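Engineer: The following block contains the structure, expressed as structure tokens.
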Amino acid sequence: MKSVFGVLLVTLLVFSFYMENQSDPSSFSESAFQQADAYDQLIDIEEGEVSEATPVENLPGPNVGDRAIDFKLDTLDGKSITLSELKGKKVIVNFWATWCPPCKEEMPVMQEFYTKYGKDVEVLAINIDPQYNVKEYQKSLGLSFPILLDTDDKINNAYDILTVPTTFVINEQGIITHKQIGAITNLDSLKTLVK
């Protein structure tokens, strides 16, 4: 009796497996195959890199063509800077953190740009981790452009920053002309963005 019950159980399992894996060829349409192919892509994104499949205008936060969100933040020196007071001048707003290796790689490029073009273009570096020793970081890298402290994350949240570094180029009218997610690693790239 046990062997008959065992054979019946195995037969039932095989039959149910067979039925689950049966497919009716007529149930597949050409559009179903095309849709399946759309998901058959590997996306390899390095930290801070944006997939080319994601248009910038679909990224969270303000994007190219939007008016930059105004803010007022304190610098490391205790002075306040308000973005709207810089209207009439191009501005680079860079969000960064002390723990971020791509940010550290980008900072010398920002400093070189500021040294050469700081009279025409303001550079504002907004630090999102002011609980760390930002002043020591500034000194060790020899940075002279304004470093602003976002102590309560209001500006970081307003701009919906998901990855650092993230850089915005803002024109004289306060409109965002470029949004860069990831490090800017050479002066020519930065000059091209600010044109």
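Engineer: How big is D for the stretch 78-141, in µm² s⁻¹ as a whole number, if Stokes-Einstein is applied with the Kirkwood radius of its Cα pairs at 20 °C and 1.002 mPa s?
Structural biologist: D, rounded to a whole number, is 167 µm²/s.
Engineer: Another question about this same structure. State the percentage of accessible surface on the stretch 110-195 attributable to carbon and sulfur atoms; use a 1.4 Å probe and exclude ligands, DNA and RNA. Present the calculation step by step, with values, prior to reporting the outcome.
Structural biologist: Numbers: 1890 of 4060 Å².
Carbon and sulfur together cover 46 percent of it.
Engineer: Report, in listed order, any pair from K87/K119; K154/K195; K89/K135 with a Cα-Cα distance greater than 18 Å. Each step should come with its number before you reach the end.
Structural biologist: Working: K87/K119 14 Å; K154/K195 29 Å; K89/K135 26 Å.
Table pairs above 18 Å Cα-Cα are K154/K195; K89/K135.
Engineer: Give me the extension gain from L162 to K87: residue separation times 0.36 nm, minus the current Cα-Cα distance, reported in nm with one decimal. Don't skip to the end; give the middle numbers.
Structural biologist: Numbers: separation 75, 0.36 × 75 = 27.00 nm, distance 2.63 nm.
Roughly 24.4 nm would be gained on extension.
The values are calculated or read from the model by the stated rules, or taken from the named source; none is laboratory data. Computed from a prediction, not measured in an experiment: that's the story for all the values here. The protein model used for the area step is the full one, side chains on, heavy atoms only, and it has no ligands, DNA or RNA in it. Shrake-Rupley method; radii C 1.70, N 1.55, O 1.52, S 1.80 Å.
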